[in-house]
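Just below is one structure, and these are the notes that go with it.
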Amino acid sequence: MTPDSWVPIPDGSPFPLANLPFGVFAPAGGPPRVGVAVGDHVLDLARALGDDTFARPSLNAFLAQGRSRWQRVRADLLDLLTDPACRAEAAPALHRRADVRLLLPFEAADYVDFYASEHHAANIGRMLRPGQEPLTPQWKHLPIGYHGRAGTLVVSGTDITRPRGQTRPPGTGAPTVGPSRKLDIEAEVGFVVGTGTPLGTSVGVDDFADHVFGVCLVNDWSARDLQAWEYVPLGPFLAKSFATSVSPWIVPLDALSAARTPPPTRTEPLQEYLRDGADWGLDLSLEVRLNGHLVARPPFTAMYWTPAQMLAHLTVNGASLRPGDFYASGTVSGPEPGQRGSLMELSWNGAQPLTLPDGTTRTFLEDGDEVTITATAPGPGATRIGFGEVTGRVTAAGEAR
C-alpha cells in the first residue's frame, strides 16, 4: 500500500507517489533543472535533495550513476514526500506543473528504432507484399531495427514541419522532389539507457534493469512515400530522420513492477542470448488521438519482442552503451483494427479512409493536424500510473532552397 503524501495528489492523477517520473523543467525566470512529477506539481530535486547532480539541463549525469543510485534517490523521494516533518523544508521546491516549461529530459547519445510488433509488421507486409508471407524470414529470429537520428529527437509540443524529399508517384518513371503526401505517425514506447558498457561487450536479457533507467512515449513521425522510394536495400533514412517526438517524463523501471508480464508465446526457437529470462513484457495501454479524437488503443502487451531482448540484440555484436542512449519499440499495434498504431494501418495505406467523429476523413496527416499519444500502466493495488503525453502538430513544409 502506498503511503499518503503531504503533497496534494488529485484522484486519478497520472503521477501518484507510485510513479515519480523524472524530467527536465524550466521554472519561470530560472534555468533548466531536473524534477520529478507528483500530482499537479514538479519537485525541484537539486533544491529538495541538496544535490547539484540535478541542477543541470538533462538527466544524463544522474543516468550515469547507475541502478543503485537510481533506487536510492527514489527511496529518498518517497521518504521526503510522505514525512510531514519534511514539508516545511521541501515545499518551497515545489512548482505547479502548469507554470513550468518542460524540456527534452536527456541528451540523446544514439537512437535506435525497432520493429517489434508482430501485428504491425504483418499488416505492413500484407499491404506491401500481397499474396506473400507477411513477415520476412528473419523476423521471429531477431528484433529488427535501424539507427535513427539522435539530433532530431524533440520534446512533446514541438511543431513538426512536413518533410520534403524524393518520391516516385505511382505510374511514373522518374522521381520528383516535394513535400511528403503520406505523412504518418508511429505510436511507440521508448527506453532510456543509463549505465554504459565498454566496446566489445554485450548486455544479457537478465541485465536489462541494470542498464535501462526508464520508459517514455514516442511518436516516430514517418513519411511513407519517401520511405517507399528510398528504403530498398538499406532501410529508412530521410523518411524517419526529420523528427521523433518524445514525452517529457521518464517513468523509472522501478515504478513498473506491477506492469511486468510474460512475453507472447514464441513460435520459433530463439538463440540463447535472446531467450526470455525475467518477464519484461509490459502491460502498457496506449491511446492515440488525432485532433482530439480517439482513433486507436494499441496494447504494448501484444509486442512480440520485449525491451530486454531489444537491448540484448542491440549489443550482441559488442556495440557499447552510453548514458543517454535511446531506443524505441517501433509501432505498437494489436490484433484488432482499433488497436493499430499508425495511419498507414488504420487507413490501410489510404485505401480505407479513416472517418473521425467530426465527419472529416483522413488517410494520412494534413497540415494543422495534431496528434497526441498517452499511456497508462497498472501500479500497486488499483492504482494506475501515467506517462504524460507526447504531442505534435504538423506545419506546412519549408521553402525549397
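The values are calculated or read from the model by the stated rules, or taken from the named source; none is laboratory data. Every value quoted in this text rests on a predicted model; they were computed, and no experiment measured them. Note that each Cβ is placed from the backbone with ideal geometry, even for glycine, and that neighbours are counted across all protein chains shown. Note: accessible area is taken over every heavy atom of the protein model, side chains too, but ligands, DNA and RNA are not part of it. Shrake-Rupley method; radii C 1.70, N 1.55, O 1.52, S 1.80 Å.
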Exercise. With a point put 7 Å past each Cα toward its Cβ, work out how far Arg297 is from Arg74 in nm, to one decimal.
Key: 2.8 nm
Practice problem: Please give the direction-averaged projected area of the C-alpha convex hull for the range 313-401, in square nanometres with one decimal. | Solution: 11.5 nm²
Quiz prompt | Using alpha-carbon coordinates, inclination of helix 67-82 to the longest axis of the chain, degrees | solution = 60 degrees
Quiz prompt | Under-5 Å amide H pairs with Glu107, H placed in peptide plane, nonlocal only | solution = Leu59, Asn60
Quiz item: In the full protein assembly as shown, how much of Asp210 is accessible to a 1.4 Å probe, in Å² to the nearest 10?
Solution: 60 Å²
Practice problem: Find how much the distance from His147 to Asp159 grows on full extension, using 0.36 nm per residue of separation minus their present alpha carbon separation; answer in nm with one decimal. | Solution: 2.0 nm
Quiz item: Excluding ligands and nucleic acids, what accessible area in Å² is computed for Ser285 using a 1.4 Å probe, to the nearest 10?
Solution: 50 Å²
Quiz prompt | the chain - charge dipole about Cα centre, Lys and Arg +1 at Cβ, Asp and Glu -1, debye rounded to 20 | solution = 740 debye
Practice problem: For Asp76, Asp44, give the ranking by accessible area with the largest first, probe 1.4 Å. | Solution: Asp76, Asp44
Quiz item: With the chain treated as a Gaussian network of Cα nodes joined by springs under 10 Å, which of Phe300, Phe237, Phe191 yields the largest mean-square fluctuation?
Solution: Phe237
Self-check item: Under 5 Å, built H, 5+ apart or other chain: amide partners of Gly157
Solution: Thr391, Gly392
Quiz prompt | Shape metrics for the range 157-268, restricted to C-alpha atoms - Rg then Dmax, Å | solution = 18.8, 54
Quiz item: Mind checking the alpha-carbon convex hull of the range 190-256 and giving the volume per residue in Å³?
Solution: 135 Å³
Exercise. Identify which of Val100, Val205, Val193 has the largest mean-square fluctuation in a Gaussian network model of the chain, with springs joining Cα atoms closer than 10 Å.
Key: Val100
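If R0 is 35 Å, what FRET efficiency do you get for Ala28 and Asp283 from their C-beta distance, rounded to 0.05?
Numbers: r = 38 Å, r/R0 = 1.07.
E between Ala28 and Asp283, to the nearest 0.05, is 0.40.
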Quiz item: Hey, in the GNM for the chain with a 10 angstrom Cα cutoff, which one of Asn19, Asn317, Asn123 fluctuates hardest?
Solution: Asn317
Quiz item: Which order do Arg168, Arg47, Arg67 take by accessible area at a 1.4 Å probe, largest first?
Solution: Arg47, Arg168, Arg67
Practice problem: Given the peptides 346-356, 319-329, 29-39, 213-223, arrange them by the average over their residues of other C-beta atoms within 10 Å, most packed first. | Solution: 213-223, 319-329, 29-39, 346-356
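So between Asp206 and Glu133, what do we pick up on full extension, going 0.36 nm a residue minus the alpha carbon distance? Before the final figure, lay out each step's value.
On the way: separation 73, 0.36 × 73 = 26.28 nm, distance 3.26 nm.
Stretched out fully, the Asp206 to Glu133 stretch lengthens by 23.0 nm.
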Quiz item: Carbon and sulfur atoms: what percent of the 1.4 Å accessible area of the range 280-331 do they account for?
Solution: 45 percent
Quiz item: Once every DSSP H run of n ≥ 4 in the chain is given -39500 (n - 2.57) and the sum is divided by its residues, what mean residue ellipticity at 222 nm do you get, rounded to the nearest 500 deg cm²/dmol?
Solution: -4000 deg cm²/dmol
Quiz prompt | Area of Glu272 that stays accessible when all protein chains are in place (1.4 Å probe, Å², to 10) | solution = 140 Å²
Quiz item: In whole Hz, what ³J(HN,Hα) sequence does the range 14-28 give by Karplus (6.51, -1.76, 1.60; θ = phi - 60°), x for Gly and Pro?
Solution: x, 10, x, 4, 5, 9, 6, x, 9, x, 10, 9, 10, x, 4
Practice problem: Can you tell me the 0 to 90 degree angle between the C-alpha axis of helix 118-128 and the longest principal axis of the chain, rounded to 10? | Solution: 20 degrees
Quiz item: Near the amide H of Ala296, under 5 Å away, which other amide H atoms are found, from residues 5 or more places off or on another chain, if H is placed in the peptide plane?
Solution: Val288
